Amino acid sequence: MTTDDVLIVDGYNMIGAWPELREAAERDLEEARDRLIELLADYQGFTGIKVILVFDAHQVPGLGARLKQRGLDIRYTKEKETADECIERLVGELMRRRRRIQVATSDYAEQRVIFGRGALRLSARELLNQVRESRRLIEQTIRHRQESRRNSFDHHLRGEWKEVFERWRRGRK
């Protein structure tokens with residue numbers, strides 16, 4: 001994917017499919033939503049892919065909502081609109097802009113519809129694997145930077161100078 005690519009995520013589908021989020025939702029649904037937002041914001045920041053997270057609010061009265069949280073585009077559907085309908089509408093709008101669109105959902109019927117509209121599908125498990133891999137790479141990068149900061153002076157010395165300084169450090173000339 002490139003930076004012009006878009007990933008649309010069915011939020012409650014991920015919460016139901018990812019073990020960590022499913023457990024959190026049993027305690028507190030808001031906690032699970034916040035954790036999903038955190039994970040996807042980190043993923044977006046690491047990959048450069050624009051993520052649109054859609055939450056189904058079709059049984060909640062109102063016009064829906066669109067907000068930014070941690071740099072993530074989050075959409076709550078309007079009254080009588082399902083997340084699937086919102087996702088299908090977004091795919092239609094974004095495809096006109098000639099972007100590569102992926103939709104993360106494990107809903108088979110929804111996968112077929114969005115695939116028919118030109119978007120690519122990504123199962124909940126596939127997205128979870130990508131998010132985990134990006135987190136692993138982020139942690140690896142952070143560790144590497146911390147280690148290089150600790151040894152930053154030593155890291156930039158040539159071999160002969162390292163030997164000179166090591167001899168001085170040990171009290172030898």
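The values are calculated or read from the model by the stated rules, or taken from the named source; none is laboratory data. These numbers come from a predicted model, not from an experiment. Because the Cβ atoms are built from the backbone with ideal geometry, glycine has one as well, and the counts that use them run over all protein chains shown. Side chains are part of the model used for accessible areas, which takes the heavy atoms of the whole protein and leaves out ligands, DNA and RNA. Shrake-Rupley method; radii C 1.70, N 1.55, O 1.52, S 1.80 Å.
Could you pull out every one of the helices (runs of 4 or more DSSP H) wholly within region 1-108 that has 2 or more residues that are out of contact with any strand residue (DSSP E or B) (no Cβ under 7 Å at 6 or more places or on another chain), within 20 Å of R125 (Cα to Cα) and without any contact (Cβ under 8 Å) to a residue 12 or more places away in the chain?
On the way: elements: 11-17, 19-27, 29-47, 83-95.
Of the helices (runs of 4 or more DSSP H) lying wholly inside region 1-108, those with at least 2 residues that are out of contact with any strand residue (DSSP E or B) (no Cβ under 7 Å at 6 or more places or on another chain), within 20 Å of R125 (Cα to Cα) and without any contact (Cβ under 8 Å) to a residue 12 or more places away in the chain span 19-27.
How about region 111-143: which of its residues are open to solvent by 20 Å² or more (accessible area, probe 1.4 Å) and outside any helix (DSSP H, G or I)?
Filtering region 111-143 for residues open to solvent by 20 Å² or more (accessible area, probe 1.4 Å) gives 111-113, 115-118, 120-121, 123, 125-126, 128-130, 132-133, 135-143.
R117, G118, L120, R121, S123 - these are the residues of region 111-143 that are open to solvent by 20 Å² or more (accessible area, probe 1.4 Å) and outside any helix (DSSP H, G or I).
Considering only region 65-80, how many residues are crowded, with 16+ Cβ neighbours inside 10 Å and at pLDDT below 90? Quick ask: steps written out before the conclusion?
Here is the first cut: in region 65-80, the residues crowded, with 16+ Cβ neighbours inside 10 Å are 72-78.
Next cut, at pLDDT below 90 only: 78.
Number satisfying all stated conditions: 1.
Within region 110-122, track down each residue that is without any contact (Cβ under 8 Å) to a residue 24 or more places away in the chain and farther than 17 Å from I49 by Cα.
Within region 110-122, Q111, R112, F115, G116 meet the criteria.
Could you say whether any residue in region 161-169 is under 18 Å from the mean Cα position of the chain (by Cα) and either assigned to a helix (DSSP H, G or I) or surrounded by 11 or more Cβ atoms within 10 Å (Cβ to Cβ) (or both)? Quick ask: steps written out before the conclusion?
Going through region 161-169, the residues under 18 Å from the mean Cα position of the chain (by Cα) turn out to be none.
Looking for residues that are under 18 Å from the mean Cα position of the chain (by Cα) and either assigned to a helix (DSSP H, G or I) or surrounded by 11 or more Cβ atoms within 10 Å (Cβ to Cβ) (or both), one finds none in region 161-169, hence no.
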